[in-house]
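Since the structure comes first, as structure tokens, the remarks are kept for the end.
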Amino acid sequence: MLNQPISHSPNQQSLRVPYQQLKAEFKRVLLSLGFTNDKADDCAGIFADNSRDGVASHGLNRFGVFIEYLKEGLITPNAEPSLVTSMGAIEQWDGNFATGMLNARFSMDRAIALAKENGIGCVAIKNTNHWMRGGTYGWQAAEAGCVGICFTNTIANLPPWGGTQPRLGNNPLIIAVPKKGGHVVLDMAISQFSFGKLWQYEAQNKPLPLPGGYDSQGKLSTDAAAILATKRALPIGFWKGSGLSLVLDLLATILSGGSSTASITQSGRKETGVSQVFIAIKADAEQNEALIAQILDYTKSSATEGGSEILYPGENMLRTREKSLAEGVLVDERIWEEVKKL
């Protein structure tokens with residue numbers, strides 16, 4: 001999603017902050033802006049969790065943007081989602097422009113509850129806001145013993161294959177499979193590099209390891225700044241990623257009855273009122289454990305170059321989480337100081 005977090009300085013300095021201190025600072029600011037205690041605590045926890053797990057672009061670094069949206073009235077802090085339609089295992093909800101992370105957590109909870117009753121649950125929600133890190137809700141489903149699938153549309157920030165202007169959303173797709181010792185959680189944007197990664201490479205003045213989009217001359221580039229300037233990020237799989245973005249937008253819009261990438265963008269407003277889908281499928285962890293182990297073991301048995309390690313989606317995140325809890329959460333010192341002054 002394109003809303004830029006607080007920028008880094010090329011000379012940025014990092015330090016580690018205890019997790020509880022990070023969460024407490026977020027909560028303090030949210031309480032001052034009218035959140036109830038419970039909502040402030042839940043929201044602060046999600047921001048802190050994202051930084052704890054190594055996704056600062058949707059944690060500390062995005063907090064300032066979130067506060068701007070609150071002050072502009074684009075997010076209604078204590079609003080609640082309301083039921084629109086119930087069709088057995090499928091429900092439609094209106095997010096009422098409440099906090100996106102809390103709407104998303106609620107929606108996945110409802111999908112899980114429906115899955116416990118029916119084997120599968122699907123909740124589609126309209127008029128909601130940025131959910132920050134989508135993997136949060138895949139992890140939520142896996143913790144409840146369910147396979148989790150969720151996706152969202154966004155403002156147009158990705159050109160369709162063959163196009164030169166953004167017309168598609170960088171619509172994240174999350175697929176989570178519960179596993180003992182660490183769930184498998186795929187959390188991916190539709191661009192080769194998420195905008196968070198592009199901002200990170202730009203701030204560090206480093207080239208991308210692979211082409212990530214087009215420069216002003218229409219040539220594939222590893223220059224993150226040039227790609228951000230043109231807003232022409234490269235879809236994953238070229239035309240395949242372009243097609244995937246399109247169908248995710250179609251599904252999110254149709255299932256929720258909400259706004260499409262086109263209507264969100266053409267409204268002229270910032271990225272609010274998006275549409276999202278949350279699916280939970282009841283899983284038998286004991287029965288599936290051997291099958292999952294077989295697949296992961298076979299995948300990891302591949303020969304590697306230079307002694308590198310093959311990791312399944314979400315495995316490295318668990319290591320980052322453990323280190324953050326033991327040593328403190330790694331933060332950009334300048335951004336941390338700015339948040340403390342809010």
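The values are calculated or read from the model by the stated rules, or taken from the named source; none is laboratory data. As the structure is a prediction and not an experimental result, all values here were calculated from the model. Virtual Cβ from ideal backbone geometry, glycine too; neighbours counted across all protein chains shown. Note: areas computed on protein heavy atoms with side chains; ligands, DNA, RNA excluded. Shrake-Rupley method; radii C 1.70, N 1.55, O 1.52, S 1.80 Å.
Whenever you get a sec, line up Lys39, Lys341, Lys71, Lys300 from highest to lowest accessible area (probe 1.4 Å, protein heavy atoms).
On the way: Lys39 35, Lys341 165, Lys71 145, Lys300 70 Å².
The ordering from most to least exposed comes out as Lys341, Lys71, Lys300, Lys39.
In this structure, the amide hydrogen of Val329, modeled 1.01 Å from its nitrogen in the peptide plane, lies closer than 5 angstrom to those of Val17, Tyr19, counting only residues at least 5 positions away or on a different chain.
Rounded to the nearest Hz, the phi-derived 3J(HN,Hα) couplings of region 218-225 under the Karplus curve 6.51 cos²θ - 1.76 cosθ + 1.60 (θ = phi - 60°) are x, 9, 4, 9, 9, 8, 4, 4, where x marks glycine and proline. In terms of overall dimensions, the chain has a Cα radius of gyration and Dmax of 19.7, 55 angstrom. Taking amide H as placed 1.01 Å from N in the peptide plane, the amide H of Gly169 sits under 5 Å from that of Thr154, Asn157, each at least 5 places away or on another chain. For region 304-313, backbone phi angles converted through the Karplus equation (6.51, -1.76, 1.60; θ = phi - 60°) give residue-by-residue couplings of 10, 8, x, x, 5, 9, 8, 10, 7, x Hz, Gly and Pro being listed as x. Work through the residues other than Thr164 whose Cβ is under 13 Å from its Cβ and net out their charges, Lys, Arg +1 and Asp, Glu -1. Here the count lands on +3. Using a Gaussian network model of the chain whose springs link C-alpha atoms within less than 10 Å, name the residue from Arg319, Arg28, Arg110 with the highest mean-square fluctuation. Residue with maximal mean-square fluctuation among Arg319, Arg28, Arg110: Arg319.
Skip the ligands, DNA and RNA, and give the accessible area per residue of the chain with a 1.4 Å probe, whole Å².
Values: 15340 Å² over 342 residues.
Normalised by residue count, the accessible surface of the chain is 45 Å².
Would you mind computing, in nm to one decimal, how far apart the modelled labels at Lys341 and Val247 are, each placed 7 Å from Cα along Cα→Cβ? Label at Lys341, label at Val247, 4.9 nm between them.
Comparing mean-square fluctuations of Met108, Met188, Met87 from a GNM of the chain with C-alpha springs under 10 Å, the top value falls on Met87.
Picking from Ala142, Ala79, Trp161, whose Cα lies most toward the positive end of the charge dipole for region 76-188 (charges on Cβ: Lys, Arg +1; Asp, Glu -1)? It is Trp161, whose Cα lies furthest towards the positive end.
Nonpolar atom fraction for region 21-158, defined as the carbon and sulfur part of the 1.4 Å probe accessible area, stands at 52 percent.
Among residues other than Lys180 with Cβ under 10 Å from its Cβ, the summed charge is -1 (Lys and Arg +1, Asp and Glu -1). Close amide-amide hydrogen proximity is noted between Val84 and Gln92, Trp93, Asp94, each under 5 Å apart and 5 or more residues distant or on a separate chain (H modeled in the peptide plane; Pro and chain starts excluded). Of the residues Leu74, Leu158, Leu311, the one that moves most in a GNM of the chain with alpha-carbon contacts below 10 Å is Leu311. Quick one: Cα centre-to-centre distance for region 266-342 and region 179-197, in angstrom? Rounded to whole Å, the Cα centres lie 5 Å apart.
Counting Lys and Arg as +1 and Asp and Glu as -1, each charge on the Cβ, what is the dipole of region 233-342 about the Cα centre in debye, to the nearest 20? The partial results should precede the final answer.
On the way: 11 positive and 15 negative charges, 110 e Å.
In total the dipole reaches around 520 debye.
Compared with the alpha-carbon gap, the fully stretched path from Leu291 to Arg269 is longer by 3.2 nm at 0.36 nm per residue. Taking each of Lys126/Lys270; Lys71/Lys231; Lys23/Lys180 in turn, the alpha-carbon distance tops 23 angstrom for Lys71/Lys231; Lys23/Lys180.
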